[in-house]
Every structure is written in structure tokens, then in C-alpha cells.
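A short write-up of the structure that comes next.
Derivation of every value follows stated rules applied to the coordinates shown; laboratory data play no part. The model shown is predicted, which means the values in this text are computed figures rather than measured ones. For neighbour counting, all protein chains shown are included, and Cβ atoms are generated from backbone atoms with ideal geometry for every residue, glycine included.
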Amino acid sequence: MNGAAPPRLLVWLGAGFVVWSSALVALYAVHAIGCAFAWRADLLRLGLGAVILIHIAALAMMWHRLATRPVGVTDGGTRDFLVTLSLWATIAATAATVLILGPTLLLTTCL
Amino acid sequence: MDHSVLRATVYLATAAGLTGCTGPLSTLDPAGPAAASIATLWWVMLVGAAVLLALVVGIFALVLLRPGWGSSVSPQRWILLGGLGLPAIVLPPLVAYGLIAGERLLPLPGSTPPRIEVHAERWRWTARYPDHGGMATEGVLHLPAGTPVDIVVTSRDVIHSFWIPRLGGKIDVVPGRVNVLRVQADAPGHYQGQCAEFCGHGHSGMRFDVVVHPAVDFSAQIAKPDAAGKVKQ
Amino acid sequence: MNAPIEQPPQGSPALRLHRQLAAIWATGPGWQRLAAVNHSIIGLRFMATAFAFFAIGGVLGMLTRVQLATPKAAFMDAETYNQVFTMHGSILLFLFAIPMIEGIAVYLTPKILGARDFAFPRLTAYGYWCYLFGGTILTGALIAGVAPNSGWFMYTPLSSNVYTPGINADVWLLGVTFVEISALTLAVEIVVSILKMRAPGMSLDRMPIFGWYMLVTALMMVVAFPPLILASILLEIERAFGLPFFDPTRGGDSLLWQHLFWLFGHPDVYIIFLPMAGLLSTMIPVLANRTLIGYRAIVVAIIALAFVSFGIWVHHMFTVGIPHLALAFFSAGSAIVAVPTAVQIFAWLATLAHGRPRWNVPMLYVFGFFFTFVFGGLTGVMLAIVPFDWQAHDTYFVVAHFHYVVGGAAAFPLLAALYYWLPLLTGRTAVYRLSVPAFWLVFIGFNLTFFLMHLTGLLGMPRRVYTYSGHEGWTWLNLLSSVGGFIMTIGFGLVVIDLLAQLRYGRRVRRDPWRAATLEWAMPIPPAPYAFASIPEVETRADRIAPGELARSLARGEGYLGFARNGWQETLGIHMTSGTPEQVIVLPRPTYLPFGTALATAAAVLAMLFQFYLLALAMALVTAGLFVWSGQNAGLARDYGPLPVGRGLSLPPHTEVAGAPPWWALIFTLVADATLFTSLLFGTLYLWISAPKWPPAAAPEPDLLLTFAALAALAVAAVAARGSLRAGAAGGAPQGWIGLAAVVLLAAIAAIVALIGGVVPYPREHALGATAAALLGYVALHAGIGLLFLLSNLLRLASGRISPRRTLDLRLSRLWLDYTAVTGLVAFGLVLALPALVAMLGARP
């Protein structure tokens, strides 16, 4: 039995998508506020882009951290399982952030 | 001989197919550019969906009826190709096309089409024409042909939805808000619209007629005292 | 419960063990059945009751098809029709789909994970009774002709008391909330049980895939139900007391209801799909005689699905007037959510391709699933494309789509699972003569009914119309759909007859008929109340078990806990990730308390429904008192230290470890609670930015002094809770600290009540006042519940249930009061910020 798999590893399974969720919420909020207060369209777009980039940066850091895990963990045990799945989930979350949120940068802002 | 029989069959089938799609409220019988754009989108998606359904059900059938079919493809490849590859080919172009088409349907600034105000309340529609002396019609909407019009919708009570299927998509009429739908009919004629959001027991009957006049005649036609649906001010 | 089929020779160790455990775990006959808390019994009750509601909901659907078969039919008038279609949707979604899944989860999960029961048996029972009573209220209203009639998603303002003045809407709001709160408590229980109560050695990478599916689903429930519960509470408060949250004439917004509802509603459909996919992932490998392919890919896929499903709710609102750019994220997301689903579909296809699949009745229903679910998924992707949705929204195209996915995702897998697992439940296999024709009638009828609706919708037929003129070109399509409906109903009838025939005349079996590979088959068939005579040690992935041999070994007591001790109902608790055994969990015996508490809760709900508010308050207090009473006998009466559990191991009882089930239960309950709170925060901010008639005429002026006093009181309460824990752990007297905490909580509540009384604008006049009052009320409610925790602690200290080694109660109170203080800080902060926020609105163009 593998004692080297602390429960907090479970948090990493969802962490990437929590960042994606934050990006979605932040984007929707900034857009709503920007349109309600009639910000200039190019500034609003810049703001939305910044929100997306910050979150992609966070995801990239998490991806890196999971991909360069400590040596000796690739033992097929529980820890390896959780770290590998967390890595795949973080990659999926990054793809989701780019694909779902990216296109919005090209559309008319407030109509 | 065979050639003409084949041709006749194709014509008949197309006619039958198309008749099956016509109707006063049919989205597949477009009478305006918005509805036409969406109808085209639909036919493309229908073909794509039919192919994908045939693919998946076909694979299922083969896998069940031919033991060992597909076992030479590695498990990883099954999941990567089917689970990731197939969606990656289908979804991005589809979503991109949809977003571009959607953009084109918006009431974009840059042109200022005439506005008609449509007011919904349980269970009837009233149209006001501010560019025509504020006259009003009830149960009937008059439109000019071949040119866009911005329909500004308001409700006094519950949520309704303004929809003329042969001309384009719908817009909800939300109390407390003002929504705008850009509508354009290709040619003069009679069309139908209806409420598309459940609003109580009169919902089924909450329809309206749409009379499209040639654009040059529009002001004259609706100024007539016996214009359809006209109400005394 | 029948005696197990396996009868070992007289006097054998297995028989002796069986008798001892059966005596401890049995539920008495007659009236004592109302006291049952055993997961097998409750699970079967859930499933049987859900089937009854399926029949009722199905009949309602058929009534709509009769009405719509011909134009201008006089079968039902509009008012009747509106009640019928609202109840068709509400019953099938709230009283069939979710409870059926819960029933399956309750019955199957402990067995497939190697545990003897769930973490909180009395709560499971309470959940069932709440479901039964709530469902009865809803169905009773239907019989009385006052059923909800504003559609299953109850859009406002139609469902407000201006346009729906009778009790119809209140029946929905109260009844559904009643059922959903019980579903939520079950969800928390499922999460805790899956994380902490598996067989030793079952690390997370060895857990059968069904465990992952249920874990993710239950976590989704924990986060998805609170927005609905909040919305229902707010709408009921608006209807009953006039506080405007959704009324656009007083600063509310009807779109807020839609956002809150669909934030629940979209994940809800994946909550229905995922457990069924879990059942498919369990059956398909067995039917293909090959271990599941893509275990890890599936786990990642369902995690992705769970999250993404929360980010696409606006696809139900593409036509409300939200800017296209905002719609774009939801459109892209709704398309991308097909990817994790595709991963699962191809994992199943790969498993079938690499195995040796056999044709049998479950596989026939698996085919039914593949066809209808993929079909429905494809139309779903179509609807994700915004311009297309602008035509198809609110038409029969959508009705076709969701019936395909629900039929595909729920009905067909459910029937496959029934045929597959009925031998376990009943000890008999199917007769099979009726099964195949029954399937084809259902399949053909289903497709005839719903396939045509795609065209009907594209020809312009909107949803929820009770009739049509006959000149639209919809007549033949509706008639054929109705005919299809009858064929399908006959098919379902045959399925029911077939299943009943199996129960009476099926061939008896002693072991699984499928060469299954999971733990639920490693026990007598049908299962005994204790499930496992002894608990297995798991050394491989738990979908590679040989159940037959294992069953015999476990029956002989060769696993853990293969004995009776003190008349306790015992099972094991493990380390969450690694599966190392760490505690003995002692579970409560049968009791009437869950039944009584559910009755009190139902009384409170009915009192509110009929507007006897004081009586409702009294019954709510009675319910709270019953919960405190239930807590009195929980746990153990004294310290025990490590107890032998068999195979040379000794473990402390759950009362003496840090990570006991109640601790984790409170954590996940607070996750649900925090979701509700966050929804309230977002609701307030949404109204601020988006609702009509803001800013209000009267500017808010929150009382700074009272607010800081209330906050300080909450902080002191949290500190006092820490003090009580330190005192308790050190063997001192925590009562002083508990008393201090109680006093400051009362002060906090008094301050908050005064604050609510002073809210400007008056809460009935404008949504700003209403939301401020709601935020303050939330904090006061939590302070009040904190008082219940403290009362319980005092009582349990007096009876010796708390000791330096058994400090769980004090830790739970500390956690609750910390949560109350933190949410108090945020809520008060927002209320104090409201004047500034309102002033900002002046900058809007």
C-alpha cells in the first residue's frame, strides 16, 4: 500500500479546471461591467485579453509543475496515478481555456 | 430514356422533400436572408450529423457482429482518434462558422434601419411605427420588402418571444428590458409570427400576421385607413 | 429480505457468522420497517418509488400526446394542459431521474466498494422519507387540480404571484426544494462514503470506475443543487412576503431566475448521465469479457465534463438578449463538452472491439443507448451553434433533442442495468421471452415519437402549446408522434411485465450470470443486510475480481471484521487516497428518528404552503430539535482505543480519529453552503449591474456600528469555539467557552435582526433592500444553527460522549463558527459596500 499519496493530491485533479472556471467567471463579469459602463471597445477587449492571459499563465505554471514532478514517482502507484491524471486534466483545462474563451476576442463587444 | 427517368425522379423527390418542409411557420422555407443563412447552416449540420451517427453506430455494429474487428487498433489510438481527433476536426470549424454567422445577424451599428416598436402583453401583439406618425397596428406587423428593419420589443407583463420563423431567429421579450432584432423580408407577401415563450394559457394563440409590402409603397400602404390591424389612435 | 440462497452446512463458521451478523444488521418486521436505515432496503425503496413516479410522469406525457394528436382537440383545456406538461417534466426530472440515481448509488456503491453500508444510515433514511413526502405533496397537488403550471423551469414573472396567484407555484417551490435538500444531503453522504469507506487496499487507482463516476456526480450535486435551492427560496420569499428579487418593476430581474435555475439545470442533466455512464462502464467490460479500456482517460474525461458542464448554462438563454460575445463562450463550451463524452464512447467501443462481446438483453439496451444518446448528442451540438438555436430554441426541436439524450442517457442504460443487476437484487434471472420484443417496441416507439419532433420544431411548432390550428403543416407529424408514444408505452408495459415475471418465475441463481468482475457479486445472492460477512483486502484494480471464490472466503470470515462485537454494526474507514485502513466505523442501528424528522419537516413545508407561518416556524424548530436529539446517541459512550479488526490489525474507532466521516461531511456540506452563499453574492451583484430600475430612489445607509458589533460577536464566537476545543482536548471544562460562544451568537443575531429592520430601501420596495436583507438573514441563520451545535455539545458533554480523545463535536462547532464568521465578513462587507456600488451607477451612460 502506498502511503506517499496525500489527500491534497486530489485537489490537484480539479485545480486546472478551477482556474478555467475562474477565467470564465472573470471574463463574463468584466464583459458585463465593461458593457454596462460603456468602456471603449478596444480597452474592453484588452481587458478581456488580459484576463485570459493571466489565467493561461497560471495554467502553464501548473502544467510545468506537474510535468516536472520529482524523480521516482513514476512507479505506477497511487501517487503516480494522481499526478498523471492531474497533469492530463490541467492540459485539458488549458485547451478548454484557449478554445472556449479565445474566440471571444474577435467578436463585436457589446451587441 | 434512363436519363430522363432519373432526372424526373430527382425532381419529384426534391419537390416532395421541399413540400415537406414548407409551411407558414417553417424555418426551412426561408423568406429572408437571416432565415436563409440559418437554413443553410442547418442542412450542412444535418449532413454532418448523419455521417457521424452512421459512423458511430456502424462501428458499434461491426464491433459486435464481426468479432475481432478493430482489435488491431491499439486502445490508446481508439481513444485518441475517436475521443479527441474526431471532435477536433468537426467542432472548431462548426463553432467558428456559427460565430461568424451569428455576428452577421446582429443589429450592428454602421447602418440605421428604420425602427418598429413591438409591444407584447398577454396575449396579443401591438406594433407602433414611430417613423410613420406613431400609428399602431394590433395583431399585424407591416414590413417593407428587401430592406432591414430593427424591431424593438418590450413587454408589460411576463416574458414572451417574438418570432417570425420564415424571416429569422427569435428574440425574447423580457419585461424591464428593451431587446432589438434586425429583420428583413426578401419579397412582399403574407407571413406569420408567433410567441415562442410560454406565457400562460393564451400562449398557444398568441400569433400575429406579417404583411410585407414593396419598399417603395410601404408608407402609402400603411397610411391607408383600412390597412390590416390598424387601431385608432 | 430473503434468506441468502447459499446455505452452508449446519454449524459451519460461515453460517454462524451469518447468523450473528444478520441479527445485528437486521431490520425488524411490521412497523419496524419504518425504522430501517440499511442501504439495501433504502436503495430498493428509492428505486421502487422512483419507478412509480416514472409511471405517473409517463402517463402525463401520454396525456399530452393524446391532446396534441389532432388539431384543436378538446381533450384538455389550456389550464389542465399547463399543469400536465409542467408535472410531466417536474416529476420525471425531480422525482424519477435523480432519485433513481440515488437509489442505485445507495444500493450499489457500498457493495461495489467493499463496505457494509454508507456513512450516515439515518441520513439515508431521512433522505428517502423526505423524497417520498415531497413527491406526495407534488402528486397530491396534481390530483387536487392545483399542480404547478408554469413549466418545469418556472420562469418568472409568469411564476410570480402576480401572474400565478394560487398555490400552484408554491407547491413546486416548496415541494421541489424539500426533495432537493434531501438529495443534497445524500450527495454529501455519497462523497464521504466513497472517499473514506472502501475496502482496505482499494487505493484510488484501484477503485472500480463506478466509484469515480459516483464521486464526481455527487460532487457535482453538492455544487449544482444550491443555486436552485437559493432561487426557489428567494422566489418563495418574493411570493409569500413580497421581497422583490425577480420582479422587474421593483429592481428585480426575471433573468436572475433563469441564470440561477440553469446554473443548476444544465449540470443536472450530466448528473443524470454520469451515473448511467458509470453503470455502462461497469457492464460493457463484463459483457465484452475484457477489462475496461481507458480507465485513466475516462477519469480525466469525467472531471473535465463535470467542470465544463457548469460553464455552459447560458445555452438555455441564447435568445434573451445577452450580447453575442458573451454567448460565444457558452456556445464554444457547449460544443467542447462533446469531447469528454466522445472519449467515453470510444473507450467503450474500444473495449468491445478488443473483447468478445455477447448478445444478450443488456447488450440490446446498450445498443439502444448508443443509438439514441449519440443522436441526441449530435442535435445538442447543433443547438450549441447560436444562430441555429435562435430558430430552434423553444420549439419541438429542443423537445426532440432532450428526449433523445434523456432517453439515451437514462432510460436505455437503466433498463440495461436492471436486466444486468436484477439477479443480484432478487436472486433470479430473466425469462427472456418477452424481453426482446419489449425492447424493440420501446426502441421503435421512442424513435417514432421523438424523431419526427425534430421536423415538427423546424416547421415552427413552439413548446408548451396546448393545441394548434391544423393549417401549419404539423398535423400528420403530431399524429404519428402520438402513435409512436402509444407504441413506446406498450413497450414499457411489456418491460414491466417482463421484470415482474422475472421476479416470480425467473430461474434462481447462486452466483452472477455474467462472469462479472466487481465486488458487489462477492456476497450471497440476494445480499444479506450486512452485505459482506467479512471485508476483503483488495490487491488489484477492483474490476478484476473473481467474485465467486472471494464470496466463499469472505463468508467464512477470512476478511476483516469477520466477527460480531458488542452488537455493533461495524465497517472500515480508510485513508482517502491510498486505501490504508485507519478506523473502525460504528454505524447506528435502526431507529424511527429519520421517519419522525422527515414528518416534522414535511409538516413545516405544508404549513408554509398553506401560509401558516408561525406553525411552520414551530415545526422547523421541532425538526431542528430532532436533529439535535439524533446527535445525542451518535458515536460511542466511552473511549475504546485501538480495536482488533482481524488479520492481525487493530484500529481506533471513528470517534477517536481526526478524519472521521462526520468531519468530512461537514466540510462538503460547507462547500454546498458556500455555493449557495456565492450564488447569493453573485445574484446581488447581477441585479446591481443588470436589473432595471437601479439605482433605487432611496439610497442605502447601513449602520456601521451595529455591523461591526455583529462581526465582532461572530469573531468572538469563533475564538470561543477554539477555546472550547483546547479545553476539551486537555481534559478541562469546555462549558464556559461554549456558554461564551452562545451568548455572543445571541448578541450577533440580535444585532443582525436590528440591521435587517433598518435596511433602506425597505426590502419590499426594491431589490436592493431585499438582497441586503437576504445577505444579513443568511448570516443570522448560520449563527442560529451555531447555537444548535453548541446546545448539542453541552448535552453530549453531560452524557459523556465527548472526551479528550473524542473531540469531534468541538471540532465540528469550531468549523461551523469559522464559516459563519468568514461568510459574515463577506456578507457585511458587501452590504457596507452597497452605497458605493449604487453611487457608481451614476457613471453609466
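Can you compute the radius of gyration and Dmax for chain C, using only the Cα atoms, both in Å?
That works out to 27.4, 88 Å for Rg and Dmax.
Give the aspartates and glutamates reachable from C:LYS693 as a straight Cα distance under 14 Å; neighbours fewer than 8 places away on the same chain don't count.
C:ASP247, C:ASP253, C:GLU765
When chain A is treated as a GNM, springs tying every alpha-carbon pair under 10 Å, which of A:GLY77, A:GLY34, A:GLY49 comes out with the largest mean-square fluctuation?
Residue with maximal mean-square fluctuation among A:GLY77, A:GLY34, A:GLY49: A:GLY77.
Could you line up C:TYR819, C:TYR107 from fewest to most neighbouring Cβ atoms inside 10 Å?
Values: C:TYR819 20, C:TYR107 24.
Placing the least packed residue first, the sequence is C:TYR819, C:TYR107.
Quick one: if you stick a label point 7 Å off each Cα along the C-beta vector at B:ARG66 and B:ALA36, how many nm between them?
Taking the simple label geometry, B:ARG66 and B:ALA36 are separated by 4.5 nm.
Using Cα atoms only, what is the angle between the long axis of helix B:86-105 and the major principal axis of chain B, expressed in degrees (0 to 90) to the nearest 10?
Between the helix axis and the principal axis of chain B, the angle is about 10 degrees.
Can you find, among C:PHE708, C:LEU841, C:ALA821, the residue sitting farthest towards the positive end of the charge dipole of segment C:694-843, where Lys and Arg contribute +1 and Asp and Glu -1 at Cβ?
Sorting the options by dipole projection puts first C:ALA821.
Only counting other Cβ atoms within 10 Å, I'd like C:GLU180, C:GLU537, C:GLU79 sorted with the fewest neighbours first. Intermediate results must be reported in sequence, preceding the final value.
Values: C:GLU180 24, C:GLU537 19, C:GLU79 14.
The order, fewest Cβ neighbours first, is C:GLU79, C:GLU537, C:GLU180.
Between B:ALA96 and B:ALA50, how high is the FRET efficiency from 1/(1 + (r/R0)^6) when r is the Cβ-Cβ distance and R₀ = 22 Å? Nearest 0.05. Mind dumping the intermediate values first?
Details: r = 21 Å, r/R0 = 0.97.
Working from the Cβ atoms, E equals 0.55.
Which FRET efficiency, nearest 0.05, do B:VAL73 and C:THR540 yield, Cβ-Cβ r, R0 30 Å?
Given R0 = 30 Å and the Cβ-Cβ separation, E is 0.70.
Averaged over its residues, how many other protein chain Cβ atoms are within 10 Å of peptide B:163-175's Cβ atoms?
Details: counts 8, 1, 7, 1, 0, 3, 10, 10, 4, 12, 3, 11, 8.
Shielding by partners across B:163-175 averages 6.
Which log10 I(q)/I(0) values does segment C:694-843 give at q = 0.15, 0.16 Å⁻¹ under the Debye formula, counting every alpha carbon as one identical point scatterer?
Those come out to -0.72, -0.78, one per q.
Using the Karplus curve 6.51 cos²θ - 1.76 cosθ + 1.60 with θ = phi - 60°, what ³J(HN,Hα) values do you get for each residue of segment C:767-782, in whole Hz, with x for Gly and Pro?
Once θ is set to phi - 60°, the couplings for segment C:767-782 become 4, 4, x, 5, 5, 4, 4, 5, 4, 5, x, 4, 5, 4, 4, 5 Hz.
If you take each beta carbon of peptide C:454-461 and count the beta carbons of other chains within 10 angstrom, what is the mean? Spell out each step's value before the answer.
Details: counts 1, 4, 0, 1, 11, 11, 15, 5.
Neighbouring Cβ atoms belonging to other protein chains average 6 per residue here.
How big is the charge dipole of segment B:91-179 about its Cα centre, in debye rounded to the nearest 20, if each Lys and Arg gets +1 on its Cβ and each Asp and Glu gets -1 on its Cβ?
On the way: 9 positive and 8 negative charges, 26 e Å.
That gives segment B:91-179 a dipole magnitude of about 120 debye.
Excluding residues fewer than 8 places away in the same chain, name every one of the lysines whose C-alpha is closer than 24 Å to that of B:LYS224.
Here the lysines satisfying the reach criterion relative to B:LYS224 are B:LYS232.
Is chain B rounded, prolate or oblate when judged by the Cα gyration tensor, a ≥ b ≥ c being the square roots of its eigenvalues, rounded requiring a/c under 1.5 and prolate requiring a/b larger than b/c? All intermediate terms of the calculation are to be shown ahead of the outcome.
Working: a/c = 2.64, a/b = 1.94, b/c = 1.36.
Prolate, since a/c reaches 1.5 and a/b exceeds b/c.
Pick from B:GLN194, B:GLN76, B:GLN184: which residue has the top mean-square fluctuation in a GNM of chain B where Cα pairs under 10 Å get a spring?
The residue that fluctuates most here is B:GLN76.
Test of understanding: ordering C:TRP390, C:TRP664 by Cβ neighbours within 10 Å, fewest first, what list do you get?
Values: C:TRP390 24, C:TRP664 20.
If I rank by nearby Cβ atoms, fewest first, I get C:TRP664, C:TRP390.
For segment C:193-321, report the % of Cα-Cα distances exceeding 20 Å. Working shown, then result.
Details: 4690 of 8256 pairs.
Everything past 20 Å amounts to 57 percent.
For segment C:138-205, just the Cα atoms, rotate onto the principal axes and tell me the three extents in Å, largest first.
Ordered largest first, segment C:138-205 gives principal extents of 58, 25, 14 Å.
Would you calculate, for chain C, the mean residue ellipticity at 222 nm contributed by helices, counting each DSSP H stretch of 4 or more residues as -39,500 (n - 2.57) and dividing by all residues, to the nearest 500?
Working: 25 runs with 538 residues, N = 845.
For chain C, the value works out to -22000 deg cm²/dmol.
What is the Å³ per residue value for the convex hull set by the Cα atoms of segment B:115-223? Present the calculation step by step, with values, prior to reporting the outcome.
Details: hull volume 9.1 nm³, N = 109.
Per-residue hull volume (Cα only) is 83 Å³.
Computed FRET efficiency, Cβ-Cβ of C:SER799 and C:ALA697, R0 51 Å: what is it to the nearest 0.05?
Working: r = 56 Å, r/R0 = 1.11.
For R0 = 51 Å, the calculated efficiency reads 0.35.
Roughly what would the spin-label model give for C:MET840 and C:ASN633, points 7 Å off Cα along C-beta, in nm?
Each label point lies 7 Å from its Cα, and together they span 5.5 nm.
According to a simple spin-label model (label point 7 Å from Cα along Cα-to-Cβ), what is the distance in nm between C:VAL496 and C:VAL826?
4.7 nm
What would the Debye formula give as log10 I(q)/I(0) at q = 0.04, 0.10 Å⁻¹ for the alpha-carbon point model of the protein assembly as shown, no solvent?
Scattering profile of the protein assembly as shown, log10 relative to I(0): -0.22, -1.47.
What whole number of Å gives the distance from the Cα centroid of segment C:718-782 to the Cα centroid of segment C:18-46?
Segment C:18-46 and segment C:718-782 have Cα centres spaced 41 Å from each other.
Based on alpha-carbon centroids, what's the gap between segment C:373-425 and segment B:209-229 in Å, whole number please?
A separation of 45 Å, based on Cα centres.
Within the protein assembly as shown, which cysteines find no other Cys whose Cβ is under 4.7 angstrom from their own?
B:CYS21, B:CYS195, B:CYS199, C:CYS130
Using 0.36 nm per residue of separation minus the Cα-Cα distance, give me the extension gain between C:LEU746 and C:ALA55 in nm, one decimal. Mind showing how you got there, number by number?
Values: separation 691, 0.36 × 691 = 248.76 nm, distance 4.94 nm.
Net length gain for the segment: 243.8 nm.
Using a 10 Å cut-off around each Cβ of peptide C:234-245, what is the average number of partner chain Cβ atoms that fall inside? Walk me through the intermediate numbers first.
Values: counts 0, 0, 0, 0, 0, 0, 0, 0, 0, 0, 0, 0.
Partner-chain Cβ atoms within 10 Å, mean over residues of C:234-245: 0.
What 222 nm value per residue comes from the helices of chain B, counting each DSSP H run with n ≥ 4 as -39,500 (n - 2.57) and dividing by all residues, nearest 500 deg cm²/dmol?
Rounded to the nearest 500, it is -12000 deg cm²/dmol.
If packing is taken as the average number of other Cβ atoms within 10 Å across a peptide's residues, how do C:562-571, C:130-139 rank, most packed first?
Numbers: C:562-571: 17.9, C:130-139: 22.6.
Packing order, densest peptide first, comes out as C:130-139, C:562-571.
Calculate the dipole size of chain C relative to its Cα centre from +1 charges on Lys and Arg beta carbons and -1 charges on Asp and Glu beta carbons; express the result in debye to the nearest 20. All intermediate terms of the calculation are to be shown ahead of the outcome.
Numbers: 47 positive and 35 negative charges, 513 e Å.
Dipole magnitude for chain C comes out near 2460 debye.
With a 10 Å cut-off between alpha carbons and a GNM built on chain B, which of B:SER74, B:SER161, B:SER26 moves the most?
Its mean-square fluctuation being the largest, the pick is B:SER74.
So what's the Cα pair-distance distribution over segment C:156-249, bin width 5 Å, in %?
Taking every Cα pair in segment C:156-249, the percentages come to 3, 12, 19, 15, 11, 9, 9, 7, 6, 4, 3, 1, 0.
Starting from the Cα of B:LYS170, draw a straight line to each of the aspartates and glutamates and keep only those under 12 Å, dropping any in the same chain fewer than 8 residues away.
Leaving aside aspartates and glutamates fewer than 8 places away in the same chain, those within reach of B:LYS170 are B:GLU197, C:ASP389, C:ASP394.
Between segment C:233-297 and segment C:649-717, how many Å separate their Cα centres?
22 Å
Run a plain Debye calculation on chain A (Cα atoms as equal point scatterers, no solvent) and give log10 I(q)/I(0) at q = 0.18, 0.23, 0.24 Å⁻¹, rounded to two decimals, same order as the q list.
So the normalised log intensities work out to -0.84, -1.15, -1.22.
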